[in-house]
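See below for the structure under consideration.
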Amino acid sequence: MTRISVIVGSVRPNRFAEQAANWIADHLRQQLTIDTRILDLADFPMPMYEEPFPPAFPGRPPFTNEVVIRWTAEIAASDAFVIVTPEYNHGYPPVLKNALDYVYDEWNRKPVAFVSYGEVAGARSVSQLRDVVATLGMASIRPTVMIPFSTLMTHYRKENVAAALAEFDGAASALISELLWWTTVLKDARDKS
């Protein structure tokens, strides 16, 4: 079965990312052929990258940190990803950058989509992430769900977040349709190589 993992890219207390991740995961779970997992970075408290060699280094020794080993295994077992990211100071969170940097081969030739939120709907964080995932050998798909600051505020005002997110159901469907196409094509190609 094809596995698509939703990465929760924030670990802050009282974060909106969990709600957005659960919302997009619920949309993915409507696809009966998809095993949808949520990979919450709060569950993978990795140290800042401290290995003697970069992950892409040929012959790099295996990781010894148990959390990093678990994280790497989850990435390897996934066929595609949806990264849910806030925008912090015109960029994405450092915890997300660290998680991306810990892995290399396991990301290669897999598609990735983005759900972003915050100021300018997280557009700047996604723009930066597209450069990073391209360097990791991933296929960044064009459709993105960009959630504006006004929707984020429904969370902090303890209003009906589900109703606010429902306004983006069409964008979620477009994202998933494109992600599934790329997931199938790239999974088939990986299986043949």
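Derivation of every value follows stated rules applied to the coordinates shown; laboratory data play no part. Since this is a predicted model, take the numbers as computed values, not measurements. Glycine also receives a Cβ, built like all others from the backbone with ideal geometry; neighbour counts cover every protein chain displayed.
Quick notes on this one:
- Among 46-56, 166-176, 1-11, 148-158, the order from most to least packed when residues are scored by Cβ within 10 Å on average: 1-11, 166-176, 148-158, 46-56
- Other residues whose C-beta falls under 14 angstrom from the C-beta of residue 25 contribute a net charge of -2, scoring Lys and Arg +1 and Asp and Glu -1.
- Relative to the longest principal axis of the Cα atoms of the chain, the long axis of helix 123-135 lies at roughly 20 degrees.
- Cα centroid separation - the range 90-137 against the range 1-56, whole Å: 12
- A simple count of charges around residue 1, restricted to other residues whose Cβ falls under 10 Å of its Cβ and scoring Lys, Arg +1 and Asp, Glu -1, yields -1.
- Extension gain, residue 1-residue 64: 0.36 nm per intervening residue step, less the Cα-Cα distance, totals 19.8 nm.
- Within a straight-line Cα-Cα reach of under 29 Å, residue 192 can be paired with the following lysines, leaving aside sequence neighbours fewer than 8 residues apart in one chain: 110.
- The C-alpha atoms of the chain define a longest principal axis, and helix 169-192 lies at about 10 degrees to it.
- Note on the range 2-98: semi-axes of the ellipsoid equivalent to its C-alpha gyration tensor, largest first and rounded to whole Å, are 24, 19, 11.
- Adding -39500 (n - 2.57) for every DSSP H run of four residues or longer, then dividing by how many residues the chain holds, sets the calculated 222 nm ellipticity at -13500 deg cm²/dmol.
- Here the Kirkwood formula, the inverse mean of 1/r across different C-alpha pairs, assigns the chain a hydrodynamic radius of 16.9 Å.
- Three-way shape call for the range 131-173 based on the alpha-carbon gyration tensor, with the a/c threshold at 1.5: prolate
- Net charge contributed by nearby residues that have their C-beta within less than 11 Å of residue 117 (K/R +1, D/E -1): -1
- Principal-axis tilt of helix 17-29 within the chain, Cα atoms, nearest 10 degrees: 80
- If you model the range 74-165 as an ellipsoid using its alpha carbon gyration tensor, with each semi-axis the square root of five times an eigenvalue, the axes come out at 26, 13, 12 Å, biggest first.
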